[in-house]
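Below is one structure; the comments refer to it alone.
The values are calculated or read from the model by the stated rules, or taken from the named source; none is laboratory data. Since the structure is predicted, the reported quantities are computational estimates derived from the model, not experimental observations. Neighbour counts run over all protein chains shown; Cβ positions are idealised from the backbone, glycine included.
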Amino acid sequence: MAIININEVITHLLPGQTIAGLDLGKKTIGIAISDRGLTFSNPRPVLQRKKFMEDAHTLIKIFDRENVGAIIIGLPLNMNGSSGPRAQATRTFVSNMKAYTDIPFVFWDERLSTIAAERSLLEMDVSRAKRATRIDSAAAAFILQGALNRIKNFHHMEG
């Protein structure tokens, strides 16, 4: 498994593969999967974290089922751009995933993604109880959609 730049994602995908987005929390992992056209981000059910090995196996099953060819993972940087403990935990998670998959990872600045996701859920009039269960996957979808937009814009400018 490699850590790649967002602009390299297309070169790592086979035809028909999708891209996964992950929002790594202490208790949950938000998951989103792109469509095969790499245009839309679709939230999936939140994964309740257990032990790393169990989480890794569950994620790998999802990645296999969804034909994932690259993974965008939110990197929780501080507002000034520096890395804190949560960013280091994310880097460690990705490093540990090397034993389980060859799918490349891309770190994506996730500052304000949870706030934007919560705002979207509020605009859709989702109740507080349902927001609590959906926020991490909504944040993963927000992270993935930002990456998909960047990929489309980069390849549109190149081509």
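Some observations on this one:
- Residues of region 37-66 satisfying the condition of being outside any helix (DSSP H, G or I) and polar (S, T, N, Q): Thr39, Ser41, Asn42, Gln48
- Verdict on Leu47 being under 19 Å from Asn153 (Cβ atoms), touching a Ser or Thr at 6+ places or on another chain (Cβ under 8 Å) and modelled with pLDDT of 95 or more: no
- Within region 48-75, the set of residues being in contact with a helix residue (DSSP H, G or I) (Cβ under 7 Å, 6 or more places away or on another chain) and without any contact (Cβ under 8 Å) to a residue 40 or more places away in the chain comprises Arg49, Leu75.
- Criterion: over 15 Å from Val106 (Cβ atoms) and touching an Asp or Glu at 6+ places or on another chain (Cβ under 8 Å) - qualifying residue of Arg49, Arg65, Arg36: Arg49
- A Cβ distance below 8 Å, combined with a sequence gap of six or more or placement on separate chains, defines the contacts here; from region 1-25, residues that are under 18 Å from Ala140 (Cα atoms) and among the charged types (D, E, K, R) reach residues that are modelled with pLDDT under 95 and not in a strand (DSSP E or B) in the pairs Asp23/Glu110; Asp23/Ser113; Asp23/Thr114; Asp23/Asp136; Asp23/Ser137; Asp23/Ala139; Asp23/Ala140; Asp23/Ile143.
- Subset tally (residues that are surrounded by fewer than 14 Cβ atoms within 10 Å (Cβ to Cβ) and either modelled with pLDDT under 90 or not in a helix (DSSP H, G or I) (or both)) for region 78-102: 11
- Among the residues here, Asp55 does not qualify as charged (D, E, K, R) and modelled with pLDDT under 95.
- Some residue of region 103-112 being at pLDDT 95 or above and part of a loop (DSSP other than H, G, I, E, B): yes
- Region 1-30, subset more than 15 Å from Phe52 (Cα to Cα) and hydroxyl-bearing (Ser, Thr, Tyr), residue surrounded by the fewest Cβ atoms within 10 Å (Cβ to Cβ): Thr11
- For region 1-29, the set of residues classified as in a strand (DSSP E or B) and either over 9 Å from the mean Cα position of the chain (by Cα) or at pLDDT 95 or above (or both) consists of Ile3, Thr18, Ile19, Ala20, Gly21, Leu22, Thr28, Ile29, listed by residue number.
- In region 48-61, of all residues being touching a strand residue (DSSP E or B) at 6+ places or on another chain (Cβ under 8 Å) and surrounded by fewer than 16 Cβ atoms within 10 Å (Cβ to Cβ), the one that is nearest to Met97 (Cα to Cα) corresponds to Arg49.
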